[in-house]
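Okay, so here's the structure we're looking at.
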Amino acid sequence: MKKRSFHIKCGLTLAAVTSLFILSQPAGAQSTQAQDGRYAQDRDQDRNISRDDLARFDQFLNGHREIAEQVRKDPSVVNREDFVKSHPALQTFLRDNPGVREQFKQDPNGFIQAENRFGRHEDQLSDRAITRQELDRFDQFMDSHKEVSERLKQNPSLANNPEFLRNHPEFEAFLKEHPGVQNRLKDDPNGFLRSENRFDRQEDNRGADANRDRDANRDRDAEANRDRDANANRDRDANRDRDANRDRDAYANRDNDANRDRDARDHDLDANRDRDANRDRDMNRDRDNDPNRRELANFDRFLDGHRETAEQLRKDPKLVDDREFVRNHPELQTYLQQHPAVREQIRSNPNEFMHAENRFDRQENNGYNNDHRVAGIERHDDPMDRDSMHRHFGEFMGSHSEIAEHLSKNPKDINNREYVDSHAELKEYIKAHPEVQKETTADADNFVKSSKQYSSPTNTTGAPKTTTSPTATKPSATPPAPQPKPYQ
């Protein structure tokens, strides 16, 4: 009884130690053991399958690519009667190889796995026995003889068929010239064709890599060409800009010289005008201090700034004493309130006062135009209101018909430097009247249109306009004393 208990204890102890040893082994060792077990299982399974059956079925699949793809995807289709009937070659093969048929009935997946292992093993043996040079020569031949290539890939054994060789003399001649390839095909046509297929795929991959490299080089060259063209364009643009700057500087220097000459002439003219103006101011000081004349001048300025009121009063001077008319013209009402002397003169004799104002206006216009016209250009040293500018520029156009006709059709040319420079009188006029230039820059069309009404020989007030250039009549030897307009 004691011995039995001892044996039991020893047995339990040994079992525990064994279990502990197994559990203490690392996972990698256990995985390796499992893998070795699968390899052993595969070898045991392959021993139960005839090598001849595997070789024949492997050769059949190599010659029937479409059937091989379907069977490797689903080995069980070999046991389907409809699939076999739709593939007569497979039906004939299974009838001639009952061992293969039985293997598929027992275990189709296991048989296909064994065939795959067999094919890989045969490929490895074939690759070691075949040189690269032989594969290269055979691959070149197959690439240039598509019909022979397709037939051999379907049935590699045709390489040893005398009738096939007679019907394809180029293939027969190739084998005679390359006895190494001929021997490989005699020993193992299936293995040699598989090796050639792998070699061909590798060559295709290398060719694809070469094409990619070539494309990459071509793209790199194209990019380099684009950069070169961009640099050339940039250099050309830089040269063009340099030439443009040189020309611009030359034009600027020429314009500066012309401006200096013109400024010198203007300075002399201004000096002469200032001397004449001082003389005229001294001569007319007493006349300007006349109260009546001051009131006429004051009212004349008011009418110059209110054209619509001026036209109505000149047509009917009695309106200035019409309360309703004055009330409808607030500016006139305000003016009369601020200038009671004018209001009283108008009330006492409106017709006589308006006639006196008309004479004063004509005298002022004639005196101003005669005294301040230089080469047909009137110069204003004091700023004018908009109506005065329109009238003044209209009178200038009236004395320069060609400029007036052109500007009437092309008002914007008054701001065109090239056109203005080609017409000296217009250029001098614009320089002398900066306020006119400001108005034309803002709205040339409206300014020319508004000024055109004053370009006729006689304006709406009945005051005569100068219609001829100053050069049309020869001045007298002793010109009359200038009468400048004192309030402008």
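The values are calculated or read from the model by the stated rules, or taken from the named source; none is laboratory data. Source: prediction; values computed, not measured. Using ideal geometry, Cβ is built from the backbone for each residue, glycine included, and neighbour counts are taken over all protein chains shown. These area figures cover heavy atoms from the full protein model, side chains too; ligands, DNA and RNA do not enter into them. Shrake-Rupley method; radii C 1.70, N 1.55, O 1.52, S 1.80 Å.
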For the stretch 92-183, place one equal point scatterer on every Cα, skip the solvent, and apply the Debye formula. What is log10 of I(q)/I(0) at q = 0.15, 0.22 Å⁻¹?
-0.78, -1.10
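Over 26 Å between Cα atoms: which of 153/176; 315/412; 73/146 fall into that group? Don't skip to the answer; put the middle values down first.
Numbers: 153/176 20 Å; 315/412 36 Å; 73/146 28 Å.
Pairs exceeding 26 Å: 315/412; 73/146.
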Modelled FRET efficiency - R0 51 Å, residue 243 with residue 401, Cβ distances, 0.05 increments
0.75
Going highest first, how would you order 170-178, 106-114, 207-215 by mean Cβ packing within 10 Å?
106-114, 170-178, 207-215
Arranged from highest to lowest average of other beta-carbon atoms within 10 Å per residue, in what order do the peptides 306-316, 386-396, 430-440 appear?
386-396, 430-440, 306-316
Among 343-351, 261-269, how do they line up by average Cβ neighbours within 10 Å per residue, starting with the highest?
343-351, 261-269
Report the relative contact order of the stretch 116-219, percent, no decimals, based on alpha-carbon pairs under 8 angstrom and at least 6 residues apart.
35
Per-residue accessible area for residue 78 at 1.4 Å probe radius, Å² rounded to 10?
10
All aspartates and glutamates inside 16 Å of residue 452 as judged from Cα atoms, apart from same-chain residues fewer than 8 positions distant:
387, 395, 402, 405, 413, 439, 443
Find how much the distance from residue 445 to residue 312 grows on full extension, using 0.36 nm per residue of separation minus their present alpha carbon separation; answer in nm with one decimal.
45.1 nm
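Return the equivalent ellipsoid semi-axes of the stretch 161-276 as a descending list in whole Å, where each equals the square root of 5 times an eigenvalue of the C-alpha gyration tensor.
Working: eigenvalues 1757, 33, 15 Å².
Largest first, the stretch 161-276 gives 94, 13, 9 Å.
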